[in-house]
Structures are given as C-alpha cells and as structure tokens.
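Working notes, structure below.
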Amino acid sequence: MQPPQPHEHPVLAPRVGVIGTGGRATIVLRILRELAPEITITALCDPFPDALDAFRQAVAPVAVTCGTVDELCAREDVDWVFVSSWNCQHAEHTCAAFKAGKHVFCEKPLALSIDEALAMYDTWQASGRQFVYGLVLRHSPLYQKAHTLLAEGHIGKLLSFEFNETLVFNHGGYIHGNWRRHRRFAGTHLMEKCCHDLDLALWLTNDLPARVASFGGCSFFRPEFAGEIDRIGPSPTGQTAFRTIPDAQGINPFNSDKTIVDHQVAILEFTRGVRATFHTQCVSALPERRFYLQGSEGTMRLDAYSGRIELRRLGWNEPVRDFSPAPGDSHAGGDRPMTLELVQIMRGERRPSVGFTEGIRAVAAALAVDAALDTGAVVDVAPYWSAVARALPAVPPA
C-alpha cells in the first residue's frame, strides 16, 4: 500500500520547515536537534507571534519566518515539512507539502474526517514522498513490551479488556480553555486526545471494532463549578488551578464556549469477538492511562503514569510478574524513540513503522464511536471500514 520510498537516496543534511510552532513541535524538534545536529530547521510558519518567538528561542534561532504555508512549502531549503498545526488544518497543510515535493511528518490526529484522510492518502500516493505519522505511544517501551507479551501468548487468547485515559484536572482545564475546546478546530475530544488509545487498542488486538456504543457529556467544566478554582487555590508556584499549562490564548475553562465533552465512555466489540470498555475523563485527581487485559490463560495490567506492566498467569500459586521497562521521558518514554526513528528515516536508514494505515484506522474508529455518542445508537462500524478500505491492508487472520 506504500508508494516507492526514496530512502535509498536520502538528503545528506535534511532541512526542515515547521508549520505550527507550539509545544508539541518544540518538544519533538528539540530532541531531533539533539540527536541529529546535521538536520537544520530553516523555515517556520505560525499565525501566533508568541508561539513563533518561543519556538525560535528554544529550537531554531536562525530559521526564516514565512507568512503562508505555500511560501514555506515552495522554499528550496526545505526538504521535510513538520505539520503541527491545528487539527483542522492537517489535511490542507500535509497535501500542500506533498504537492510541493516535500516529505512530511504529521502530528496526530491524522485528519478530522474520512474525506480528509483519503485526500491526504491520495496526495501522498501521487507524490512518491515519505510520510511519518506521530502516534508517539506506538514507540513507547511500555506499549511495545505489552504488544510483545500479547503476541507471545503470555495470557493466552485475549478475551476482553478495559482501557482509559483520565487526565489530571490541570490538563483538562488546559484543553477546555484553548482551541481544542471546539470540534471545528480540534475534532472531538476522542479524536484529539484519545486517538492514541484507540490506535493502541487496534494494535494490541490486531483487529478492528465491529460495533460500538458510547455516552458522554460536559458535566464539570461549567459555570456552576467555577468556584473550584478558588477552592483549590493556587499551585505551590503560584499558578491558577486548572490553568497551570502556559497558553497565551487560553481562557477560563469553566466559562468558555465549548463543543467537546469532558467525559466519555464507550463499549467496543471487535470482529473476532473481543470486547472492551473505554473511559476518558478530564478532571482526575488520580490520573491513569491504563490497559487491563484478560486472556484465556492470564491477566495483564499496564499504566503509562506508573510505567508498570504486571502479568499473572491463571493458577493457584502463580506469581505476579513485573515486565516494566526502564523509566522513560514523556509519553511513557515514547518521545525519544519516535524522534530517533524520524531521524533514521531522514538519513535513509529505515522506513516508517507508523503511517497512513494506522492514522486512517484511528480516524475511522473515533468517528464511529463519536457517531454512537451523538446519536445514542449502537453503531455498525462496517461502513466506516468499507469507506477507507482502499487505503488499508486487510487485517491479518487470527
């Protein structure tokens, strides 16, 4: 399903243009510059001057500022385009880069609709360029190990599982006070924040959801709970509760207009009969990003916050075994391995491990779950898979 990859003829000293110079681009590209000093960041494009200034100071002091995306993509000193703009712009900016003959790294989510995702895929196919997708948790040693343990049969045949992403209250406040609070800019909360978790579920099961149901709403980030800011009081460093993450455009999350939920639950049934529940919440005092997987021969539990993997086989005196990887950095240790792979791809040393297949599957799954949320119906996911079938390989047999 991939076009010819030009990795046999790498750019000797790749030059990167960045579209969207916010916090995520800063984290990834700072690591990239540490790993590969020969890679230079030559051009930047962002509508917010404060974001440009902060990025330039942190990562790329001599990069040129471009007034438009087309101007950046037309530059001869740009080989790769790093797309980290608002989610609603990913398709437009990625397609512009491919049409200009550039390679692309795109942050999650891939797109906000199936039409956008397929347009990106078609443009990529026609371009012959490389595409790397930023599903950072795929690169986490924690989830890599869990995937290996499942594949090796340590808990037998997977029967059912539960998974979640419950955010610490300040992170939830950040989301509900900035641009991500609007579906038209970010997509749904499930698409924007939890596409990682849906992708992991599809990857760990090696399967696709067949039927889904979902319920949710915005019950906490409402005006009647605005007093929680004063009740909790400032942080030890003097920051306002629910607003500790810097955001020059951020507003009070309780009084903001918003079109996303602050909590959601879902039930998923996969094509081979595995069943799962999912829970996301934006105001947790005990945050988790956890999988609890039950198999025919044992149980496995893992959590990104603790970094632990525990596994116990069924039996009378079976020990609880600890398969936890070494502690890592942010995103359960995934940021550095993901960026290292990107560097290796740029150098022509390997091909991407994550791309359109994974991105399109996560988009389709999120759209189906959110259709269930919006309609209150149990949604048959088959039409979603049919709509994207030409861009996906067949799911391998069990």
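Some points to look at:
- Full-extension gain in nm, D257 to D122, via 0.36 nm per residue minus C-alpha separation: 45.0 nm
- Coupling constants for the range 195-212 follow from the phi torsions by the Karplus curve (6.51 cos²θ - 1.76 cosθ + 1.60, θ = phi - 60°), and in residue order they are 4, 4, 5, 5, 4, 4, 4, 5, 5, 5, 7, 6, 8, 10, x, 9, 9, 9 Hz; glycine and proline get x.
- Cut-off under 5 Å, modelled amide H: who pairs with V168 long-range: S284
- Estimated dipole of the chain in Debye, rounded to 20 [Cβ of Lys and Arg +1, of Asp and Glu -1, Cα centre]: 520 debye
- Straight-line reach from K258: taking Cα to Cα under 12 Å and skipping same-chain neighbours fewer than 8 places apart, no aspartates and glutamates fall in range.
- V64 long-range amide H proximity, modeled H, under 5 Å: A43, L44
- Projecting the Cα atoms of P223, L373, L392 onto the dipole axis of the chain, where Lys and Arg carry +1 and Asp and Glu carry -1 at the beta carbon, places L392 farthest toward the positive end.
- Here the Karplus curve 6.51 cos²θ - 1.76 cosθ + 1.60, taken at θ = phi - 60°, turns the phi angles of the range 333-345 into couplings of x, x, 4, 5, x, 4, 5, 4, 4, 4, 4, 5, 5 Hz, with x standing for Gly and Pro.
- Cβ-based net charge around N164, under 13 Å, with every Lys or Arg adding one and every Asp or Glu removing one: -1
- Residue-by-residue Karplus 3J(HN,Hα) for the range 217-225, coefficients 6.51, -1.76, 1.60, Hz, glycine and proline x: x, 10, 10, 10, 7, 10, x, 5, 9
- When you filter the chymotrypsin sites (Phe, Trp or Tyr not before Pro) in the range 305-383 for DSSP loop state and at most 12 other Cβ atoms inside 10 Å of their Cβ, you are left with W316.
- Cα→Cβ-extended label distance, 7 Å offset, between S296 and H182, nm: 5.1 nm
- GNM result for the chain, Cα springs below 10 Å: residue of Y121, Y143, Y384 fluctuating most strongly: Y384
- DSSP bridge pairs, the range 6-129: antiparallel proportion in percent, nearest 5: 0 percent
- Packing here is the average count of other Cβ atoms within 10 Å per residue, and on that basis the peptides 284-290, 269-275, highest first, run 269-275, 284-290.
- Share antiparallel - DSSP beta bridges, the chain, percent rounded to 5: 55 percent
- For the range 251-314 versus the range 328-390, the spacing of their alpha-carbon centroids is 17 Å.
- Cα-based shape type of the range 6-129, given that a ≥ b ≥ c are square roots of the gyration tensor eigenvalues and the cut on a/c is 1.5: oblate
- Virtual spin-label span in nm between D77 and L12, 7 Å along Cα→Cβ: 1.8 nm
- For the range 269-360: rounded, prolate or oblate by the Cα gyration tensor [a/c cutoff 1.5]: prolate
- Extended-chain gain in nm, criterion 0.36 nm per residue less alpha-carbon gap, S306 and I245: 19.8 nm
- Amide H contacts under 5 Å for R211, placed H, 5+ residues apart: E269, V381
- With 0.36 nm allotted per residue and the present C-alpha distance subtracted, the F323-K99 stretch has 76.1 nm of extension available.
- S219-T65 pseudo-label distance in nm [points 7 Å out on the Cα-to-Cβ vector]: 4.5 nm
- Reach of K108 by Cα under 16 Å, taken over lysines that are not fewer than 8 positions away in the same chain: K193
- Among K157, K108, K193, residue whose mean-square fluctuation peaks in a GNM of the chain (springs only between Cα atoms under 10 Å): K157
Here, each number is a calculation from the coordinates, and none is a lab measurement. All values reported here derive from a predicted model rather than from experimental measurement. Note: ideal-geometry Cβ built from the backbone for every residue, glycine included; neighbour counts use all protein chains shown.
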